[in-house]
Structures are given as structure tokens and as C-alpha cells.
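Participant: Let me begin by handing over the structure; questions about it come next.
Only the coordinates and a few stated rules stand behind these numbers; no lab work does. All of these numbers come straight from a predicted model, not from anything done at the bench. Quick reminder, even Gly has a Cβ in these numbers, built from the backbone with ideal geometry, and neighbours come from all protein chains shown.
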Amino acid sequence: MLFLKLRSTFTILFCFLLSQFLFSQVHQDNDLPAPVGRNTSIGNTSGSHTETITIQPETCRQQNGSIRITEPGEIPEWQYSLDGQNFQSANTFSNLVAGWYTIYILDEAGYTQVREVELPKRNEIKIEEATITSSDCLHPTGAVQLSITGGNEPYTFSFAERAPQSDPLFQEVGDGNQPLHIKDALGCTLDTFIVIPKNPCPLYIPNVFSPNGDGVNDLFQIRVAGDENILITRLFIFDRWGNNVYKEYNLSLQSTEQWWDGTYKHFTSSPGIFNYYLEVEFENGQRETFKGNVTLIR
């Protein structure tokens, strides 16, 4: 019995000493520093610190953004990189475009930390809406009202080669492609064109002509106010019996020929009232049909 008690006591004492020995070894391993040169991208591996990353957004699409990393206290020999290969001691990266960047921070022990940061771009100037009024054929009566977003107020507008103004409303504007220049408080700019439509010019359709060879009103010729290039796609003239005495296609108003001279099949038509039908295409693509009558006198 005594032998068994001594054996049991010895076994318990041995297990206790063994457990203390193993516990001491694990704790010691956990306290050992990692080998120099080992890289890691998680956590703070060389002491507790929190860096501050300051960003300067890109402005005016000029690749002038920047990222600055600031470490608290005196941190010796930190190095920084944007690609994980080329490190620098300077803690600022300049001349950057907008986008996502990976920052690699290398400490004096050789540990690398990784930070992800987005470099935004400032809101660019945008034309949210442009309300446009067409210009008259003979007079500059067009207008433009702009609604602008983005950028930094106040804005300066230069439109149709006029002097700069702060009001986004422009009046008495002529037709055509008009240049627009917008500048905000930071000097960022937007350059574009705004098309001002032109109302169709009125047509002058004669209601009487006298083809007698005196050089005055000898032709049934249609004219237009202004210099608009108008095409008559179809022109038909009928006598009172419904005979088609004249027809022409794709006739330009600038043409001095091919207009009706008051003849039918090379014979002189008698004085009377004739009916016309014409289809017109204006410069802006608009089409219009005209019907009426003209009196031939001699």
C-alpha cells in the first residue's frame, strides 16, 4: 500500500512539473520577435502606432492630386512606396491622378504595412440643363439659359465671344455654333459649343408675273429673305383645266434658271390663273408644303 501511494504521488508530481515546463516554452515562443526582413501586410508589426493619411484631390484634370502619410512622434527611417518596389523617405506623393492607390509603409525593422486609399477628383463643371430659344432668320433673337453643377462657385461665363459675365442667361444671340467658356472659383474651366437653331426664313412666292421679255418679273421665281440655302424638292404648276404645264425637282432658290417662263410645250401660255404646288426643305431639315395660285399677265 505504501508503495502504491508513493508511486501515485510521484506520478502526480511528474505531470505537474511537465505541464509547467511546456507552458513556459509556449509563452517564450510567443514573445520572440519575428525575424528581421519578414514582411507582413496586416496589423502593426513593429510597435503600436497609427499613421494619418492626408489627401489632396485632383483638380481640373491636371494630375495635381497628392497623398501625405504622417506618423505620430519620432519615427526613424520610415520609407514609403506606391508599388511595393520603389521606396522613398519622403512621405508625400505628388502629381497624382484620381483613383485608388496602395500605400506600402516600410519600417526600420523591415516590416511592411499596406494601406488602401482613394484619391477623389473634385466635382467637374457640368451643364445640367440648357434652355435654348431659336434665333430669327434676319435678326439675332436667340437666347440661352444655363443650369450649372459641380465646380466651385462663383462661375464666370463667356458666350458667343462676348465679354465675361456672372449671369448664365444670354439674350439676343445669333444662330449657329456659339462657343461657351465657363470658369469657376478655382480656375477650372469648361469649353464647349452650343448650337442656336434658326427659324426658317420666310418665302416670297409671287402671285403675279408678266413673261413679256422686258426683264421685269419675266419668271415665276420664288425668293427667300436672307441668305438661307433652301431647296425646292418639287414644284408643279397646273392650268385651269388641270394640265401640268411645268414641273421641276430639286431646284435651289439661288438658281437663276429653270424657273417657269410662262410657256407650255414651247408655246406661250395665255394669260390667266394657274395653280402651283411646291415642297420646300429648309437648312435645318424642316420640310413644308405650299399651295396657291399665280396670275400670268402679258
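Participant: Using the Cα centre as the reference, give the magnitude of the dipole from point charges on the C-beta atoms of segment 126-196 (Lys, Arg: +1; Asp, Glu: -1; all else neutral), rounded to the nearest 20 debye.
Facilitator: That gives segment 126-196 a dipole magnitude of about 120 debye.
Participant: Excluding residues on the same chain fewer than 8 positions from K265, give the lysines whose Cα lies under 25 Å from its Cα.
Facilitator: Those lysines meeting the cut-off are K247, K291.
Participant: While we're looking at this one, here's another question. How far apart, in nm, are two points set 7 Å out from the Cα along the Cα-to-Cβ line at N244 and at D136?
Facilitator: The modelled label-to-label distance comes out at 4.0 nm.
Participant: For segment 229-276, state which trypsin sites (Lys or Arg not before Pro) are in a DSSP loop and have at most 14 other beta carbons lying within 10 Å of their beta carbon. If you can, show how the numbers build up before the last one.
Facilitator: Working: sites: R234, R240, K247, K265; in loops: R240, K265.
Counting only loop positions with at most 14 other Cβ atoms within 10 Å, the trypsin sites (Lys or Arg not before Pro) in segment 229-276 are R240, K265.
Participant: Between W259 and T70, 0.36 nm times their residue separation minus their Cα-Cα distance comes to what? All intermediate terms of the calculation are to be shown ahead of the outcome.
Facilitator: Numbers: separation 189, 0.36 × 189 = 68.04 nm, distance 8.43 nm.
Extra length available between W259 and T70 comes to 59.6 nm.
Participant: Given R₀ = 41 Å, FRET efficiency for E128-D83 by Cβ-Cβ distance, to 0.05?
Facilitator: 0.60
Participant: Taking 0.36 nm per residue of separation and subtracting the Cα-Cα distance, what length does fully extending D214 through S147 add?
Facilitator: Working it through step by step, the gained length comes to 18.2 nm.
Participant: Assuming 0.36 nm per residue, please report the length gained on full extension of the stretch Q286 to R115 beyond their Cα-Cα distance.
Facilitator: The Q286-R115 span can extend by a further 55.5 nm.
Participant: I want to check the label-to-label distance for S158 and I55. Put each point 7 Å from Cα in the C-beta direction and report it in nm to one decimal.
Facilitator: Modelled inter-label distance: 3.3 nm.
Participant: Is any residue of segment 182-221 close enough, with backbone N under 15 Å, to a label point placed 7 angstrom from the Cα of R298 along the Cα-Cβ axis, and if so, which?
Facilitator: Counting backbone N atoms under 15 Å from the label point, the list is 209-214, 218-219.
Participant: So, one more: Please list, by residue number, every one of the GluC sites (Glu not before Pro) in segment 234-293 that is coil in DSSP and has at most 13 other beta-carbon atoms within 10 Å.
Facilitator: Sparse-neighbourhood loop GluC sites (Glu not before Pro): E257.
Participant: What are the chymotrypsin sites (Phe, Trp or Tyr not before Pro) within segment 232-264 that DSSP puts in a loop, where the Cβ has at most 10 other Cβ atoms within 10 Å? Please list the in-between numbers first.
Facilitator: Working: sites: F236, F238, W241, Y246, Y249, W259, W260, Y264; in loops: W241, W259.
Hits after loop and neighbour filter: W241.
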